[in-house]
1. Hey, any hits in the range 66-74 for a residue that's within 18 Å of Asp22 (Cβ to Cβ), under 16 Å from the mean Cα position of the chain (by Cα) and at pLDDT 85 or above?
2. Scan the range 1-43 residue by residue and report those that are surrounded by 16 or more Cβ atoms within 10 Å (Cβ to Cβ), over 17 Å from Asp113 (Cα atoms) and polar (S, T, N, Q).
3. Just one of (1) loosely packed, with under 13 Cβ neighbours inside 10 Å; (2) in contact with a strand residue (DSSP E or B) (Cβ under 9 Å, 6 or more places away or on another chain); (3) of a type in the set (D, E, K, R); (4) at pLDDT below 85 trips up Arg93, so point out which.
4. Can you pull out the residues in the range 51-63 that are free of Cβ contacts under 8 Å to residues at least 40 places away in the same chain and touching a strand residue (DSSP E or B) at 6+ places or on another chain (Cβ under 7 Å)?
5. Is one or more of the residues making up the range 26-49 on the phi > 0 side of the Ramachandran plot, touching a helix residue (DSSP H, G or I) at 6+ places or on another chain (Cβ under 8 Å), touching a residue at least 24 places away in the same chain (Cβ under 8 Å) and not in a helix (DSSP H, G or I)?
Amino acid sequence: MLRIANNFGVLQRRFKDQLGRDLVLLTVTFDPQRDSPEVLAHYAQTWKADPNTWHFLTGPVPDVRRVTTMFGVDFFPDEGLMNHSLHTALIDRHGKLVANIEGNQFTADQLTDLVDTILGRQLKPRS
C-alpha cells in the first residue's frame, strides 16, 4: 500500500491544478473493521492528502466487498492479518473503467504518464 500511496502523492503534486475538477483520487480500504474513518484520516494526514481531492473510503463490510469485487481486488484474513491483491483503477469523466492495473510493479512516472494520456493530454501542468 505504501507504493500506491506514494504514487497517488506524486499524482497529487503533478496534477495539483487539475485535482477536484479533472482528477479525483480514491483510496478504498479492504479492511473496514480496522480502517475506521479516524484511522484513514490519520493515514491521509501521513501522506499529506488534500481531503478535497484525495478521498479515503470505508464502509460496511458487504459494501466494501461489493466495490472491491468490481475491480478484482481479493482480500481475506490470514493468521490475524488481511491478505489482499492490489489494483489501481482509472475511470474516465464518463464513468468508464479505462484501466485496471494489477499489482504495484509500476512507477509513479508510469502512472502519471498513463493518467495524462487517458485525460487526453488536456492536463499538462501549467508553468
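1. no
2. Thr27, Thr29
3. So the condition that Arg93 fails would be (2).
4. His55, Phe56, Leu57
5. Checked the range 26-49: at least one residue is on the phi > 0 side of the Ramachandran plot, touching a helix residue (DSSP H, G or I) at 6+ places or on another chain (Cβ under 8 Å), touching a residue at least 24 places away in the same chain (Cβ under 8 Å) and not in a helix (DSSP H, G or I).
The values are calculated or read from the model by the stated rules, or taken from the named source; none is laboratory data. These numbers come from a predicted model, not from an experiment. Glycine gets a Cβ as well: all are built from the backbone with ideal geometry, and neighbour counts include every protein chain shown.
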